[in-house]
Amino acid sequence: MRYAFLLIVSLLASAAPVWGHSSLLRTEPKDGAVLQQAPNEIRLWFSAPIKVALSTVQIRDARGKEVDGRDLRADEKEPALVRLSLASGLGPGTYKVSWTAVAQDMHAGKGSFSFRVGP
């Protein structure tokens, strides 16, 4: 019985630092989405609020030109959601969204996804 108790305590202690991390849960548009028209903004939902001032999200076209509004912000009603506007008049093509998110515990995560506008 004592061995089982020690095992459970050690497992919980080793998992505790992960609880503060924030991971990406979903995006709008979704990875690989094909849209008829360009969205006005990109939305990313994390498992917990992130430090927006220390985080980055960039949207680039196929040539590598940044096409976002550089206005990353947390949603007022949903703190684990961040928004980033897109430049107006985006044409057909593939767009890559790259992100680095700093969690409240200062651990950073990063990733990317893409979507396409047009047929």
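Here are the numbers for the structure shown:
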{"read-out": "Which numbered condition V102 misses (of (1) out of contact with any helix residue (DSSP H, G or I) (no Cβ under 6 Å at 6 or more places or on another chain); (2) assigned to a strand (DSSP E or B); (3) within 14 Å of S22 (Cα to Cα); (4) of a type in the set (A, V, I, L, M))", "value": "(1)"}
{"read-out": "All positions within the stretch 70-92 that are more than 17 Å from R26 (Cα to Cα), surrounded by 14 or more Cβ atoms within 10 Å (Cβ to Cβ) and without any contact (Cβ under 8 Å) to a residue 40 or more places away in the chain", "value": "A87"}
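Since every read-out is calculated from the coordinates, none of them should be taken as a lab result. The shown structure was predicted, so the numbers you read here are calculated from the model rather than taken from an experiment. Neighbour counts run over all protein chains shown; Cβ positions are idealised from the backbone, glycine included.
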